[in-house]
Amino acid sequence: MYSIADYGLMIADQVRMNAYVEAVKRSVKPGSVVIDLGAGTGIFALLACRLGARKVYAIEPNDAVHLARSLAAANGYADRIEFFQQLSTKVKLPEKADVIISDLRGLLPIFGFHLNSIIDARERMLKDGGVLIPQRDKLFAAPVHAPELYNPYATLWEDHNQGFDLQAARRITVNNWGKGDVNPEQLLAEPEIWTQIDYTRVGGADFSGEMSWQVQQKGTAHGLLVWFDTELFEAAGFSNSPGKSSTLYGSAFFPWEKPVELEIGGRIDVGIRADLVGDDYVWNWKTLVIDQAGSEKASFNQSTFFGIVHSPAQLRKQSDSFVPALNDDGLLDQFILGLMNQERQQKEIAQLVIERFPARFANRRDALTHVAKLSGKYSR
């Protein structure tokens, strides 16, 4: 969940904002109907109104939408922007849009329900021949020399182990990835395209791709650097490649299990997969390094699935043969949710909860807080 300060940083990122402003200028015409998908504090909605949009539908599940309403009123656009505090997949609009503007990415475009939201909006809410912003993203990768990025994932478990064997922790952390900005000189091969996202056609949220490099220079490779270039609309876009990164995005570093000394004449084969499971992605990156003689030098098969500590109990509960039964928390919430459909005030529900579960809450205020939390999530 973004804070208001986070939205401010997005607006302050000139690489990102200048490109989006240019794309909006080229796509929004007087009389246009526009959707600001994931509107945040509504900056794109305001831009669309300034360019003559007849109507803007701003969709944002975060409470930031209330600030967006205030900003729309302060700038004289309250009559042209209609706000929805809801996931876009649950919103029904009275008309289709000429333009849909979104920036739902995380560090990389393959993030949460980003793709599913775009696909749904494109299919249900965009006129035939309408404009999607962004149009497409290209994701690149390259092997990288980055000891400063590698240290938090691997080296610290070896250099600061106090004489203990901490390899089990190391095996978990090297199966994670995160932000990692480097200089272009740290790349050990020319970038290769890993995958592309054409938002006008994409039909699914899972991605995979393979790359191969002939080693042209010696160096110690610590993993892969991944970034994206975006085309927003009619050549307006930006890149977060090394040396060109926006302050908001940066690049992503995928560590290898071990650093590898590359030899000229060798080869690196890499496959990367991203599969949406539940509400998050499971990433897998496989690496094979061949030496100049054609022999295997290193082979890694890494996944964010192995980057999480899984308790036996949680793994058992994920099995398709598991027979679930409500625990004490489940029974409590089931009781509260049942009362919510009986036209009772929350204070009355809280009192009934205390009577039914007297040992659960220290006082009435705690019970009311829990009821209000469930109400905020599930009530109409």
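Read-outs throughout are calculated quantities, based only on the coordinates presented, and are distinct from any laboratory measurement. Every value quoted in this text rests on a predicted model; they were computed, and no experiment measured them. Using ideal geometry, Cβ is built from the backbone for each residue, glycine included, and neighbour counts are taken over all protein chains shown.
For the ranges 45-57, 110-122, what's the packing order if you count other beta-carbon atoms within 10 Å of each residue, average per peptide, and put the highest first?
Final packing ranking: 45-57, 110-122.
How many nm separate the modelled label positions at S303 and K96, each set 7 Å beyond the Cα in the direction of the Cβ?
4.0
Counting Lys and Arg as +1 and Asp and Glu as -1, what is the net charge of the other residues whose Cβ lies under 11 Å from the Cβ of L87?
That sum, taken over residues with Cβ under 11 Å, equals -1.
Among 291-301, 222-232, 177-187, what's the highest-first ranking by average C-beta atoms within 10 angstrom per residue?
222-232, 177-187, 291-301
In nm, give the distance between the simple-model label positions of Q167 and N363, each being 7 Å from the Cα along the Cα-to-Cβ direction.
5.4
Would you please put 125-134, 197-206 in order of how densely packed they are, using the mean number of other Cβ atoms within 10 angstrom per residue and starting with the highest?
My ranking of the peptides, most packed first, is 125-134, 197-206.
Need one number: nm distance between label points at D198 and V323, each 7 Å from Cα along Cα→Cβ, rounded to one decimal.
Simple spin-label model gives 5.1 nm for this pair.
Helix-derived [θ] at 222 nm for the chain: sum -39500 (n - 2.57) over DSSP H runs of at least 4, divide by residue count, nearest 500? Provide the component values of the computation, followed by the final result.
Values: 12 runs with 113 residues, N = 380.
When only DSSP H runs of four or more count, the value is -8500 deg cm²/dmol.
Just need the relative contact order of the chain here, percent rounded to a whole number, with Cα pairs under 8 Å and 6+ apart.
Once divided by the residue count of the chain, the mean separation gives 14 percent.
Provide the net charge surrounding A58, with neighbours chosen by a C-beta distance below 12 Å and charges set as Lys +1, Arg +1, Asp -1, Glu -1.
Overall, the nearby charge balance is 0.
Only bridges with both residues in the chain count here: give the DSSP antiparallel percent, nearest 5.
About 75 percent, rounded to the nearest 5.
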